[in-house]
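The structure appears right after this line, and notes come after that.
Any read-out appearing in this document is the output of simple, stated calculations on the displayed coordinates, not a laboratory observation. Everything quoted here is computed from the prediction, not taken from an experiment. Cβ sites come from the backbone with ideal geometry, for glycine too, and all protein chains shown count toward neighbours.
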There are 2 protein chains.
Amino acid sequence: MKLLLAFVVGSAVLCSVGNASERAEGASADREAVRQLVAEFDRCAREKDLEGFLSYSLDDVVALGPGEAAVVGKAAVRAWYQNFYAAFDIAMVHRPVETDSFGDLVITRGDATGTIRPVAGGEALQVDNKYLFALKRQPNGSLKVWRAMFNANGQTPQAAK
Amino acid sequence: MKLLLAFVVGSAVLCSVGNASERAEGASADREAVRQLVAEFDRCAREKDLEGFLSYSLDDVVALGPGEAAVVGKAAVRAWYQNFYAAFDIAMVHRPVETDSFGDLVITRGDATGTIRPVAGGEALQVDNKYLFALKRQPNGSLKVWRAMFNANGQTPQAAK
């Protein structure tokens, strides 16, 4: 119901109808949906649930990570995360800083911190990233990832204590 | 693109306004506006036209560059670019890869390549970045920067040839 409301409110904004309190409720629903979504990203990474993770991405997703060109499309993103999950044990927490809704597009940014530990052994790396996601509302009201960019908050990755 | 079309069609049905050719024209106009905007970014950087550059940013702009925390607000972005323009001679070219419109929000991503040369002397750095911008349409129709993130396409900056 909240998600339906969010859809209706989003559409209302586009049509220049509706009122401020309805829009505030829609935005609040999106913020909660984003909190749940990024918590799912963290769970999937921790449990190496690749299919779960990919279920939150659109087919035309583009991942924009540092140190390499854009990873375009779900097949390429699948391959990237398959390698990532195979190479590292991941314990990350995404924390949304702000979430804004523009009809069926939701923009959210935040920080993602934690550790990634090479499966092959060696020191864990302390990760301190920020991210910017563009999500698209689906016909069933859920939000899926369309564009995802991230980079480091510091100069270089630090060895975890 | 299919999802964008679905979004546009869904909104049109709900609002019962606009037609496909008008929407295609709008998207095409935004693509051209973005090409002009990023060309202006390059000109401003080359000419160290800080005020010109800042005129394309909203007061609540957030710049999300690698190696440091989010730079929040126009005053902080001004200080950042003031230092950057003072420290480097900049010869960059932004090339949009895709631009999509969601009402008054426009999402564009692309690559930005070129060189930055320390004013104090020393080797120029070859820059090969990708970027993701969220722009907001203003009452006069112009697009201004609301969120701007970038990171490197390669592992480390290379000395320019």
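In peptide B:70-77, what is the residue-averaged number of other protein chain Cβ atoms found within 10 Å of each Cβ?
The mean count of partner-chain Cβ atoms within 10 Å per residue comes to 1.
Count the net charge of all other residues whose Cβ sits under 12 Å from the Cβ of B:V119, scoring Lys and Arg as +1 and Asp and Glu as -1.
My count for the surroundings of B:V119 gives +1.
How would you rank B:139-149, A:123-133, highest first, on the average number of other Cβ atoms within 10 Å across their residues?
Result, highest mean first: A:123-133, B:139-149.
When you look at the Cβ of every residue in B:127-134, what mean number of other chain Cβ atoms sits within 10 Å?
If you average over the peptide's residues, the count of other-chain Cβ atoms is 4.
Tell me the label-point distance for the pair A:E47, B:D49, using the 7 Å Cα-to-Cβ offset, in nm and rounded to one decimal.
5.4 nm
Return the distance in nm (one decimal) between the two label points of a simple spin-label model at B:V72 and A:E40, each offset 7 Å from Cα along Cα→Cβ.
Going by the 7 Å Cα→Cβ label model, 2.7 nm.
With an 8 Å cut-off on Cα pairs and a minimum separation of 6 or more residues, tell me the relative contact order of region B:38-103 in percent.
Over region B:38-103, the number comes to 36 percent.
In whole percent, what relative contact order does region B:14-161 give with Cα contacts below 8 Å and a gap of six or more residues?
Reported as a whole number, the value is 21 percent.
Report the calculated FRET efficiency for A:D89 and B:R137 (r = Cβ-Cβ distance, R0 = 56 Å), to the nearest 0.05.
Once the sixth-power term is evaluated, E becomes 0.80.
Would region B:2-159 count as rounded, prolate or oblate if I go by the C-alpha gyration tensor, calling it rounded below 1.5 in a/c and otherwise prolate when a/b exceeds b/c, oblate otherwise?
Prolate, because a/c is 1.5 or more and a/b exceeds b/c.
Is the shape of region A:68-112 best called rounded, prolate or oblate, per the rule: a/c under 1.5 gives rounded, else a/b larger than b/c gives prolate, else oblate, with a ≥ b ≥ c the square roots of the Cα gyration tensor eigenvalues?
oblate
How many angstrom lie between the C-alpha centres of region B:80-126 and region A:69-100?
25 Å
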